[in-house]
Amino acid sequence: MDRLAIVVPCYNEEEMLPITTKELTEVLENLIRKEKVAKDSYILYVDDGSKDATWELIEKLHKENDKVFGLKLAGNVGHQYALTAGMIQAKENSDIMISIDADLQDDTLVMEEMVDKYHEGCDIVYGVRNDRKKDSFFKRTTAQMFYKVMAAMGVKTVYNHADYRLMSKRAIEHFSNYEEVNLYLRGIMPLIGYQTESVFYERKERIAGESKYPLKKMLALAWNGITSFSVKPINFIAVLGIVITFLCILAAVYAFVSYSKGTVVPGWTSLILSIWLLGGLQLFAIGIIGQYIGKIYMEVKHRPRYNVETYLTHDK
Ligand code: UDP
Ligand code: MG
């Protein structure tokens, strides 16, 4: 029987944890009763350097409830790293991992469906919100804009999927080869490969506490998502340089016509042409340098280049 670990990053979540523990314990007991996961499946809380009583609460819950495990990070490193720490820990002593936010805005009912898909052979199962009516208008529109921009930038991501997902042990093992510091988990997952599927649910409101993702953190995550996976912004500079250099030719025609009509002040023609030409060439040159920097950037990430799934052999 496969052992399940539910990984929950927590930052100042003292109001939520008792509620979360009750609900997740019920989910686990249900899955155990139906013999879909092992009896020793557990919840792993990762305390991301909380400033309130979150860790004391986790210690207390751990004493009372044999399903509660805890991992305390020494300081606040942010949701993406806290989640990674939990995943890496979970792969040591579980076969399946499901990550979910502490506020349970994501529907725990679909966990069973996720586990079913795992048993059908999926290594990654994405939780996808098919309805964001409960999110504020602002959060909804900015989030959707972000998914569109990501797609335009050529980054493969699952639309409307946050970090609510199931991963098999071997998927996390491959993931742990991604050693990049600028982490954007949702961008890495599609690179892992294996059979993946999505389950759909309605996103709920936060029951207690407030969002730990203010606009500033959201923008930082979005920017990180784009710049960690795409060098298109650099290509854009190079293209802009070429376009401006060509526009310079049009400007040259215009400048010479004006010059031949004698309607210009002496010096204007050469001045205006050099501004256009130099501007274009400079942007183009920056773009070229950028291409190399983009390559260096991708190299230093040391990302695994492939993921071998099966090897058929006759060797003993
Ligand atoms: N979180 C974290 N470290 C941080 C910020 C947030 O571990 O620095 C956790 C938080 O406790 C929650 C999850 O990340 O479990 C998502 O945060 P939140 O629900 O506040 O984000 P929102 O749903 O508003 O985007
Ligand atoms: Mg939330």
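We did not get these values from a lab; they are worked out from the coordinates using the rules stated. Keep in mind that this is a model prediction, so the values were computed, not measured. Here Cβ is always computed from backbone atoms with ideal geometry, including for glycine, and neighbour counts include all displayed protein chains.
Laid out as a table, the results:
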item	result
Nonlocal amide H pairs with residue 3, under 5 Å, H built at 1.01 Å	38, 95, 96
Region 183-223 - Debye-derived log10 I(q)/I(0), Cα point model, q = 0.19, 0.26, 0.33 Å⁻¹	-0.91, -0.99, -1.05
Distance between region 91-118 and region 204-242 - C-alpha centres, whole angstrom	25 Å
Within-13-Å neighbourhood charge of residue 164 [Cβ basis; K, R +1; D, E -1]	-2
Of 83, 44, 277, the one that fluctuates the most in a GNM where the chain has Cα springs shorter than 10 Å	277
Neighbour-count order for 10, 122, fewest beta carbons within 10 angstrom listed first	122, 10
Cα-based Rg of region 1-58 normalised by 2.2 N^0.38 Å, two decimals	1.23
Debye, to nearest 20: dipole size of region 181-316, +1 on Lys, Arg Cβ, -1 on Asp, Glu Cβ	260 debye
Surface/4 estimate of mean projected area, convex hull on alpha-carbon atoms of region 24-163, nm²	10.2 nm²
Calculated log₁₀ intensity ratio I(q)/I(0) where the Debye formula runs over C-alpha points of region 204-316, q = 0.13, 0.15, 0.19, 0.20 Å⁻¹	-0.77, -0.85, -1.01, -1.05
Residues residue 151 and residue 286, FRET efficiency given R0 of 30 Å [Cβ-Cβ distance, rounded to 0.05]	0.70
Hydrodynamic radius (Kirkwood) for the chain, which is based on Cα pairs only, to one decimal in Å	22.5 Å
Degrees separating the helix 17-33 axis from the principal Cα axis of the chain, which is the longest one	70 degrees
Crossing angle, helix 54-64 versus the chain [Cα axis fit, 0-90 degrees, rounded to tens]	30 degrees
Ascending count of other beta-carbon atoms within 10 Å, so fewest first, for 118, 213	213, 118
Furthest towards positive pole of dipole, 208, 235, 18, structure part the chain, Cβ charges	235
Extension gain, residue 134 back to residue 239 (0.36 nm per residue minus Cα-Cα distance, nm)	33.7 nm
For 126, 11, order by how many other beta-carbon atoms lie within 10 Å, fewest first	11, 126
Dipole moment magnitude, nearest 20 debye, region 119-248 about Cα centre, only Lys, Arg, Asp, Glu C-beta charged	520 debye
Where the Cα pairs of region 1-99 fall when distances are cut into 5 Å bins, in %	3, 15, 26, 25, 19, 9, 3, 1
3J(HN,Hα) from dihedral phi, region 194-209, Karplus parametrisation 6.51/-1.76/1.60, rounded to Hz, x for glycine, proline	6, 6, 10, 8, 10, 10, 10, 7, 9, 7, 9, 7, 5, 7, 9, x
Subset of 34/67; 91/301; 22/204; 39/169 violating a 19 Å alpha-carbon distance limit	91/301
Cα centroid of region 1-50 to Cα centroid of region 143-181, whole Å	22 Å
Spin-label pair residue 307/residue 34, simplified geometry with 7 Å Cα→Cβ offset, distance in nm	2.5 nm
Principal-axis tilt of helix 215-229 within the chain, Cα atoms, nearest 10 degrees	70 degrees
Principal axes of region 95-238: Cα extent on each, largest first, Å	48, 35, 23
